[in-house]
Structure formats: structure tokens, C-alpha cells
2 protein chains.
Amino acid sequence: MSKLFEEFQNYLNQMNQYDHVITLLYWDMKTNTPKLGQEGHVAALTHFSAENFAMSTSDQLGEMLTGLSESAEFEELTDTWKFIVKRMKRDYDRNKRIPADLYNTFVEAQAQAGIVWEEAKEKSDFSLFAPSLRKMIDLTREMTGYTDPGKEVYDALLDQYEEGMDSATIDGLFEALKRELIPLVKEILGKQKPDNPAFSGFFDPNGQRQVQDMLLSYIGFRKDAGSVGETEHPFTLNFSSKDVRVTNHYYEHDPLSSIFSAIHEGGHGIFEQNINPEYDNTVAGSCRYMGLHESQSRFYENILGRNKNFWIPVYDRLGELLPPFKEISLDDFYQEINHVRNSLIRVNADEVTYCFHIILRYEMEKAIFRDQIPVNELPALWNQKMQEYLQITPANDAEGILQDMHWSDGSFGYFPSYLLGSIYDGMLLDKVREELGDVDELLRNGRIGEITAWLNKKIHWYGSTRKPKETIAAVCGREVSAEPLARYFKEKYTEIYHLG
Amino acid sequence: MSKLFEEFQNYLNQMNQYDHVITLLYWDMKTNTPKLGQEGHVAALTHFSAENFAMSTSDQLGEMLTGLSESAEFEELTDTWKFIVKRMKRDYDRNKRIPADLYNTFVEAQAQAGIVWEEAKEKSDFSLFAPSLRKMIDLTREMTGYTDPGKEVYDALLDQYEEGMDSATIDGLFEALKRELIPLVKEILGKQKPDNPAFSGFFDPNGQRQVQDMLLSYIGFRKDAGSVGETEHPFTLNFSSKDVRVTNHYYEHDPLSSIFSAIHEGGHGIFEQNINPEYDNTVAGSCRYMGLHESQSRFYENILGRNKNFWIPVYDRLGELLPPFKEISLDDFYQEINHVRNSLIRVNADEVTYCFHIILRYEMEKAIFRDQIPVNELPALWNQKMQEYLQITPANDAEGILQDMHWSDGSFGYFPSYLLGSIYDGMLLDKVREELGDVDELLRNGRIGEITAWLNKKIHWYGSTRKPKETIAAVCGREVSAEPLARYFKEKYTEIYHLG
């Protein structure tokens, strides 16, 4: 090991310690910190974030990265370290181009817009949020001018969340999906079923916690390398492959929410737990591609979790842990977890109409950044698209354009990741069937572990070292296509809804 | 504010951030970290502890403290800052005298002895632990030679945990207590009652959690400035008065353990939550006197929590949350929570025989440091004293001398704090009665809040700014005496056990 490489390792180690406590502060604020204690945690978070940012943009780091990547030494590095040095060099150059003033303004505006958004949503008044949104749009545009000079703004944003993806590709995928789904959803909604009141009875939150633990363990989330916390909005975070945290919420009159959140976050968690541990605490670990990440959470949640056969080996156990399920047949359960509704709220949507919630947001983001549509015209555009895709109109902004917080913190370009994940899932399902055989049968026989092992080996192991398109090409042997997902929906819902 | 004072404040702020994440890492390791994640947390803990130690012994800090305490500027400081500067100067001088080599050897030996102790306890074999114990005794002796030069070793140790206390004072207190308690306990044990099987049925852990929350809130532990975690060994820690964490365990067949742990840790927590918030994040805050701290946890647990009247306003609620209690009368409950047994394990002991568990350890620590009794003779001495005080002999070392971990990490001199706490409690009870009236009546009428408010005002508010003896003198107007505690025991147990 050269002296330079050793120095670099020590530097990384120090940065990792900062990352580690920043992650921990965030986790604790969401799961354990009492109201009055938030301030102390924020002070610590601010302190260590500043230290970390200083280290990640220091001249010393720049010199080390240049030294390592531009000398003969580079060729002597392992492939993993070659990846790490190249990736860090790119991130470093990108970060260095952002003027410190702009960065600070952006961070401050994010915090401010978050507060305003919350108030606007509460009052269901978009006009309150409009100035903040305008500011976040302008600042985001300015930022990408530095991070991705010469690149079209929205493509730069898409690339930040799902590297290698651009709007030309996504246009093709989403348009293909629309062609299939618009008539399919119309047909399904024509056979709308009534709500099943059995699912709105009382479901003991403690029983829900036990069901969650049972399901996490069943799908392969390892308890020796993971734990669970409680938060209003479920999420997954990780310190390394050895310490992955998921969270959940428990609604007394909606047991399906915690059940499918557990499976969804469990899918994210299984991804992180199974990345090559050599990548721990480096940019090679912890998958940074949001679409690819969502493909795993949504594979477990939808492709597996909304398959009737998934439930056969565990349905009795579900009834033992949450007795009201004893009164619900597996058939009724299956109908309910695949009940298609034209509802207004993305996070409550079924897997089919969910696609439209994302397509709508994607088209609006393009309108914002490409067509430069004025902010005050956005609610009308939202409502028009909602009517077009789902034949409903929000009664107010809170259940329309104000429902998600993403735009308040400038996460433009993030939404498409969710649907890209599902599109990958259609392809992965084809491939699993090809390589492991009948998925229904595997699930029915409690052999889900074989599917998890396949995903571990084919996808998870690589962490961030393979970009999404490369992963799909390597695993599925073809380019990304929406056809398998559309076919999956068509087959599944034709049966469930007895369609033509 | 002078430039020097400002520089000092910035320096303190940086040290506080390290303290903050060290506390958080510790909390998370005990409550949330999965097995495989411990290693990553230990690495971060080691990193930030080293940074913190370097800051707390730096020449820069030394110069600032000298500058502030020895210049005319000192007189311009507020009383709080005078205290902080003086206290930090003393701690600094003390730490600086410890040779770095010795400090590192000590920390390493602590970790090593902890592992060996655990194994020795598991195998119930003192001879395995003896060499580590000998080493910890030698190192502790060597350390106090630096921290407290010229001071008798055991007195120096006592002073570290309960400043201002020495063995001459404690001898007097404990001997007085022994004179009263030896005959009292013999008399009680002569009327030994059978175990009540109702308390070993099944008590739902989730119900126990709800009871805990109800009790914490009832005694005044504030949820907006506190939270609860789950650990095998309950403890309390705090970031500031605004963020205090307690933990608990839940045994399915022993509901009283979680109930009284909740009240005990709640007492510690109420202390920390009610310290003058101006002292937050300084040595003036967070009470560093272990005896005084225990006096508060034990006041809630024993003086209040084991009084029948405490339960009158909440006993119905207890039965609602944990239905088996509906089948147990309040009288039977009261008998059980004050059931005196000559048992072997300190942490399971009732409030009366608990005294002997501490006196025994105190006398052994004196034998170790003053009489220099050889380590291999300690088990025999333990068993002899156990026989003398409680007329029982441990069947093995695990339930004898190996039961507590304190000696493995060199916490010699800590044990007496527990009993000093109870001795203070006897005095505080007298004073509460004098100033607030009949405690039984206050409790019976659900007016426990008045007692909490009294303790807040008389004790908690001062944090670490008043030493224990000063606190007792200020609140009780007299020197520390064991007489009130002995009287409390005598009156209470004469009634419960219908003694002569």
C-alpha cells in the first residue's frame, strides 16, 4: 500500500465517522427523539454536516483523488478501489463547482420551503406554497448549471436519481405503458367493487408489529443485521450492510398499510444487507440508484407480496397474530390487496393506478423544467391530468398538488424512480420465471428464499458499482422495456376482474 | 463578552457535539443496534471518544481555563460560569496528571475484564476472574495516585462518585443502620410469608409497556423531553434537560420488575428533566453525584412507589392495562411489593435487605483497598458476610461475588451510593412531611405532583452545582443521618409484619 493510498484510507475513515453519526442523528430524530430534544440533535447534525462537507470539498481530498486517479498507481488498485476513486473524483469535481453561497442558499431554501409546504398543505392552499416552489425550481435550475454544465436541466435531474436515465428513454417507456394501461384501467374501473368492511375493523397495533416481524423474517430481512423503528412515514436507512434500519407505522383501522410497508421497506433492507461487504463505508456500497432501489422494494411489495401464493404459507400465522384475519378468507384478502381504485393519493394507490400517479408527476416536472410553465398554472394542469388518467378531480390542493413533499426539498426528477422500479420488476419477473421456474409454485411452497437468493446474487451484491441500465442488461440480457410490466398487469387483472 | 470567553464557548460547543454523539452511539448500541452493527458503532465511539479526550486535555483548553480563572475577568463571570470554569479547571488538572499510557492501559483492562467477568459469571468460577480483578484493583490504586495525590485510596474513590463523602462518614451511617436493621430483619424473617403465585402468572409485555407509560406520566416524567427504550438492564441517560432517555425490560412472568424499574428510572429521569436549563451542556448540568441521583430514583421507587397510597389513584388503571391485576387485591399487591426475603441477588432485593447487599460490598471494598486482603480470599469473605447479614450462603460464585459487573470496570466506591441515596431519602421524607403535610394523604388523593414539584425546586434545579452534603444541609437543615431511614423501616415493617 502506497503512502498516498494509506493517507486516502485514513481520510475516508474520518469522513465515514461523520457519515455514521449523521445517519444516526437522523435515525434517532425520526424514531426516538422527544420533541424538545430535536433542537440538540439539529445542532449536532448541523455541526457534523458542515465538517463533512468541508472534508468532501477540501483541497487535500482533491489532491489525493487526482494523485490516485492520474498516476501509474491507479492501475495497481483493485477494481473496487478503481471504482471508488473514479466515483469520488467525479463527485468531488461536481461538488467543487457549486459556489458555497449557492449551496448554503439552497439548503436554507429547502428547510424554509419544507415548513411552508407543511402549512400550505394543512390549509390546502397552493398559493401559499407557490413562491417557495418557484424559488426551489429556480435554485434547482441554477444548481444543475454547476453540477452538470451544458446538460439539459431535467435530464440532469433524472440522471442524479437514476444514473444513465434520460427523458427520451423514460418518454418511450411511459408512453408504451400508457397505451396499455389507459384502456385496462378504464375496463377495471367499469367493474368497480364495493369496499370490504372487514378491513376497517380494529387491528391491534401490537399484533401488527408481530405480523411485521414475521413477514420481515419470512422474506429474508436479517435481524442480526437490521432493526425496526416506528415513524409516521416508513423509510429505510443503513450504516453498512451489517446495520440496516427499516421503519413502519401502525394504523388501528388499516392493517394493510403496515403489512405492505413492512414488505416494501423489507425489500429495500434486503438489498442493503446483501451488498458485497467489501464495499461497506465506501461509495461502492449502499445503492445510490433510486429506480433500482425501488425495483427491489416494489418487487417484494407488489410482484411477490400481492401474489396470492405468497400468502398461502403464512396466512394461518397472520390470523394467529391478528385474529380479525381469521374471519377473512384468503380469497377475500387477495381481492382486497389488489383492489383497483381511482384514488387521489399516490401513497395509498394500488399497483396499477400507481403508474398514473407517477406519469402525471413526470409530465408535470417536464412541463416545469422544459416548457417553463408558470407555477400558478400547475394546479390546473395537475387536475386536468388527474381527470385524464383517473377520471377524478381533487376537491382541494391538499389531496392534489400539495400531497407530496418531494418538490419542497427540491427532489425534482425523483418521482419517475418509483415507476422505473416497477418497469424493471416486470422484466425481473420474466427472468426469475425463466431461471427458477414457476414463481407461483415457489411462493406456494414457501420457497421465497430461493427468489431472495437469486436477487442477492444477481442485483444486490453489486451495490453501486453497476448502473441501473448495466444491471438490467446483465441480468435480463436486453434493454429496459415496459412491455413485461404491462403484460403482468394485463394477465393478473384480467383474471382478478374477469375482464373480457 | 471577552474574546477569551467567546473562544472558550466555541471550544465547549465543539466538545459538546462530541459528547452528544458519544451519548447517542451508546444509547443506540443498547436499544437499537443489531448484533452485526455493533462493530461499526464501536469504531465511531472509539473515534469520537479519542477526539473528545484530546480536546479535554489539550494545552489550548488548559490555557483558556487558566486565563479565565486566574485573571480579573473571573469576577465578572456569572455564578454559573464561575462554577463551570472552576469545576472544569479542577477536572482538567486531574486528567492532565494521568499519564497517557496508564489511561490507555486502564481503558483496555476495563474492556478485557468485562469480557472475562462475563465468562466467569457464566461458568460461575471466580478463579477465572481473579487475575482481572487483581489488575483492576492495582490499576485503580495507581490511577488515584495521580488523580488524588496524597489522598487515601478508598476515600478518593468514594469522593469520585459522591463528592464530599468519605469512609469515616459512611462508617458512621452504615454502622448506625446495622444496629437497627440486623434485629429488625431477623424479626421480619422470623415471620416469613409464602410466595403469592398470582404474581408469577402471564403478564402481557405490551400491557407492561402501557403500565410503564402510565406510571412515568403519573409521577411526572415528561414525554416531550423524554423517551423510553428497551434493554436487559434498565438505565437512564440524558443529552440535556430537554432529552432524557430511560429504558426498561419486560418479563412475562414478573410484572413487578418492569413496574418498579419504570418508577426508579423515571425518578432519575425527573431529576435530569428538571435541572436549570441554563446548565444544559455544561458541567453544571446533569447531576454527577451518584448518591444524590440514587436518592431521587429510590425516593420514587421505594418511599413513594412502595407506599400503598401511591397505588390508590392508579390501581384500577393498572388492572385495565394488565388484566391479571384485576384478580389481585390492592392489599395483596401491597404485601407483595414489600415482601422481605433474604435473597442472594442485589437487584432483586426488597428495600430493607437491600441495605445489607450494599453494606457487604462497602465493607469488602474497604477490605480490598485498606486492608489489602488478597483477591483469592474475597469469595470466602463475601459468603461469610452474606451469612452474617442474611443467614444465607450462595451456592456458587455467580449468585455470590460475581453477580455485579461494577468491579470489572473498576467502579470501586460506586456501591455505597445506592444506600446513601436511601439514607438521604429517609431525611427527605421527614422534610416533605414537615413542609407538605401527610404524604399518605397526598398520594391517596393523587397529589403526587406536589411532591415532584417540591423535589424539583429543592433538589433537581441545582444540577451539579451543589454537592450532596450541601444539598442535604440546605434542604433538611441538618447533617446526614441514618436515623430517619431506620425509623421509616421500623414503622413501616412493624405494621406490615405485625411485629412486637
- Item | Top positive-direction residue, dipole computed over chain A with Cβ charges, set A:His41, A:Val475, A:Phe235 | A:Val475
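Rounded, prolate or oblate for region A:300-342? Axes are the square roots of the Cα gyration tensor eigenvalues, ordered a ≥ b ≥ c, and the cut-off for rounded is a/c under 1.5.
Oblate shape, in that a/c is at least 1.5 and b/c is the bigger or equal ratio.
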- Let me know the charge dipole size of chain B about its Cα centre in debye, to the nearest 20, where only the beta-carbon of Lys, Arg (+1) and Asp, Glu (-1) is charged. 580 debye
- Task: Would you grab the residues whose amide H sits under 5 Å from the one on A:Gly446? Only those 5+ places off in sequence or on another chain, please, with H modelled 1.01 Å from N.
- Result: none
- Between B:Phe53 and A:His233, the two model label points (7 Å from Cα along the beta-carbon direction) sit apart by a distance in nm of 4.1 nm
- For B:Asn238, which sequence-distant residues (separation of 5 or more, or a different chain) have an amide H within less than 5 Å of its own amide H, given hydrogens modelled in the peptide plane? B:Arg245
- Message: If packing is taken as the average number of other Cβ atoms within 10 Å across a peptide's residues, how do A:231-238, A:369-376, B:305-312 rank, most packed first?
- Response: B:305-312, A:231-238, A:369-376
- Task: List the relative contact order of region A:3-151 as a percent without decimals, with contacts defined as Cα pairs under 8 Å and 6+ residues apart.
- Result: 19 percent
- How many nanometers, to one decimal and shortest first, lie between the label point of A:Glu73 and those of its other copies, if labels sit 7 Å from Cα toward Cβ? 4.3
- Note on the structure: In this structure, among A:Lys86/B:Lys30; A:Lys96/A:Lys385; B:Lys30/B:Lys121; A:Lys123/A:Lys191; B:Lys151/B:Lys469; B:Lys82/B:Lys151, pairs with alpha-carbon gaps over 31 Å are A:Lys86/B:Lys30; A:Lys96/A:Lys385; A:Lys123/A:Lys191
- Message: For a test of the definition: using alpha carbon positions, the gyration tensor, and the 1.5 limit on a/c, classify region B:3-97 as rounded, prolate or oblate.
- Response: prolate
- Query: Based on Cβ point charges of +1 for Lys and Arg and -1 for Asp and Glu, what charge dipole magnitude is obtained for region A:3-151 about its Cα centre, in debye rounded to the nearest 20?
  - Reply: 500 debye
- Item | Pseudo-label separations to other copies for A:Tyr26 - Cα-to-Cβ vector, 7 Å, nm | 2.6
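Of all DSSP beta bridges in chain B, what percent run antiparallel (nearest 5)? Walk me through the numbers on the way to the answer.
Numbers: 5 of 10 bridges.
Bridges in chain B that DSSP calls antiparallel: roughly 50 percent.
Over chain A, what is the relative contact order in whole percent, taking alpha-carbon pairs under 8 Å and six or more residues apart?
Result for chain A is 18 percent.
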- For peptide A:14-21, how many partner chain Cβ atoms fall within 10 Å of a residue's Cβ, on average? 5
- Between B:Tyr300, B:Ser258, B:Met405, whose Cα lies farthest towards the positive end of the dipole of chain B when Lys and Arg beta carbons carry +1 and Asp and Glu beta carbons carry -1, centred on the Cα centre? B:Tyr300
- Karplus-derived 3J(HN,Hα) from phi for region B:167-176 (6.51 cos²θ - 1.76 cosθ + 1.60, θ = phi - 60°), whole Hz, x at Gly and Pro, runs 6, 4, 5, 5, 3, x, 5, 5, 5, 4
- Zone of A:Glu470's modelled label, taken as backbone nitrogen in region A:154-177 under 15 Å from a point 7 Å along Cα→Cβ: A:162-165
- Residue-by-residue Karplus 3J(HN,Hα) for region A:386-400, coefficients 6.51, -1.76, 1.60, Hz, glycine and proline x: 4, 5, 4, 8, 10, 6, 9, 10, x, 6, 7, 5, 4, 9, x
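Just from its helices, what would the mean residue ellipticity at 222 nm be for the protein assembly as shown, if runs of 4 or more DSSP H residues each count -39500 (n - 2.57) and the sum is divided by every residue, rounded to the nearest 500 deg cm²/dmol?
Using -39500 (n - 2.57) per qualifying helix, the result is -20000 deg cm²/dmol.
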- Value of Rg/Rh across region B:120-500 [Cα atoms, Kirkwood radius]: 0.95
- Charged-residue dipole, Cβ positions (Lys, Arg, Asp, Glu), the protein assembly as shown about Cα centre, Debye nearest 20: 640 debye
- Message: Show me, for region B:66-81, the HN-Hα J-couplings you get by feeding each phi into the Karplus relation (A = 6.51, B = -1.76, C = 1.60, θ = phi - 60°), rounded to Hz, glycine and proline as x.
- Response: 5, x, 6, 8, 10, 9, 5, 4, 3, 5, 8, 6, 5, 4, 4, 6
- Note on the structure: A student applying the Cα gyration tensor rule (rounded when a/c is under 1.5; otherwise prolate if a/b is larger than b/c, oblate if not) would label region A:390-443 prolate
- Note on the structure: One decimal, nm, nearest first: from A:Asp331 to the same residue in each other copy, label points 7 Å out along Cα→Cβ, the values are 6.0
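Readers should treat all values here as calculations from the given coordinates under stated rules, not as data from a laboratory. Everything numeric here is computed off the predicted structure, so don't read it as measured data. Neighbour counts run over all protein chains shown; Cβ positions are idealised from the backbone, glycine included.
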